[in-house]
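Asker: Have a look at the structure that comes next, please.
Computed from the coordinates by the stated procedures, all read-outs in this text should not be read as laboratory data. Keep in mind that this is a model prediction, so the values were computed, not measured. For neighbour counting, all protein chains shown are included, and Cβ atoms are generated from backbone atoms with ideal geometry for every residue, glycine included.
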Amino acid sequence: VCQFLIFMVVFPLWTKWLVTNPMPTQIGFNYYSVFAKRTYHFSSVGMFGFMLAVQILSWGMVIASSMRYTLSTSMEANEVIMLTMDNIWRSTQLFYITAPLLGYSIIKGVQDYMRYQMYGEDISYWVGGDRGAMSTNLVKYWTLFLILAAIASWIYWAIAGHNQVGTTGSCLIVTLIALDVLHPCTYLWVGTTKMTNEKAAALTWSQALTTKGWYERQINNLILNQTVTGFMKWLGPAWFVAMPFLTLVMPYIGVNQAFMMVGSTTNR
């Protein structure tokens, strides 16, 4: 009976995660394709036409959905939902960073369900807690992994990948993924550093080079500023505009990007 209950609970949740979650499908495929050899081939002109049509349909869905929600909220609430670059950027970041959180929630949910069914334990919030610290750590290390994996991809490209077909396009896409999560990753790691600019300025060079907080402050100032934030905000939309034209010279980008758009359009 317990095995049957576990199967009935876990299998649908796991299937949903595999189909809709970005980690095993969209993101996983892009990182996998950096190192895997291509066994498929496409015409650059055909892929250009396909991706151009997909882009028009994708952004049409986003704009139509935004207009619908804007009209709905304007009639039913005081706060109006509008499509802005901030919304697009944040939704893209959310699409990438929620992969481990959904997997973690499925695991903990199944554990709580089995504790309740087998031992009659109280699994309410007041007993189990919100598990916020664990969720934060998952996002911290997950985003850091995406960034380090992008760096490793370019190292592999420099060593051997440049001789393989399609590797350059995959490296470009995983780099964009890493840049999208760079901002939340930096904030989670060094966004709350205790080293202020005044304290950093008072340190000597020898003290600064041996102080962890000084490095945190430098990374904070380097990335968490309006210039870099504005650049990151427009990078994604600029890539979506340029990507169909890049398929004329790198048609394999279309395959990788199609996986990303399956989830990102649904997410928005």
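Asker: For the cross-link pairs LYS37/LYS108; LYS140/LYS233; LYS140/LYS212; LYS108/LYS140; LYS140/LYS199, which exceed 28 Å when the distance is taken from alpha carbon to alpha carbon?
Answerer: Going by Cα-Cα distance, LYS37/LYS108 fall outside the 28 Å limit.
Asker: Mind giving me the nanometre distance, one decimal, between the label points for LEU224 and LYS140, set 7 Å out from Cα along Cα→Cβ?
Answerer: Calculated label separation equals 1.3 nm.
Asker: I would also like to ask the following. Find the relative contact order for segment 135-198 and round it to a whole percent, using C-alpha pairs within less than 8 Å whose residues are 6+ positions apart.
Answerer: Averaging sequence separation for qualifying contacts and normalising by length gives 46 percent for segment 135-198.
Asker: Would you work out if segment 118-220 is rounded, prolate or oblate? Take a ≥ b ≥ c from the square roots of the eigenvalues of the alpha-carbon gyration tensor; rounded if a/c is under 1.5, else prolate when a/b is larger than b/c, oblate otherwise.
Answerer: Because a/c hits 1.5 or more and a/b fails to exceed b/c, segment 118-220 counts as oblate.
Asker: Report the full-extension gain for the segment ALA238 to ALA36: residue separation times 0.36 nm, less the Cα-Cα distance, to one decimal in nm.
Answerer: Here the segment from ALA238 to ALA36 would lengthen by 70.0 nm.
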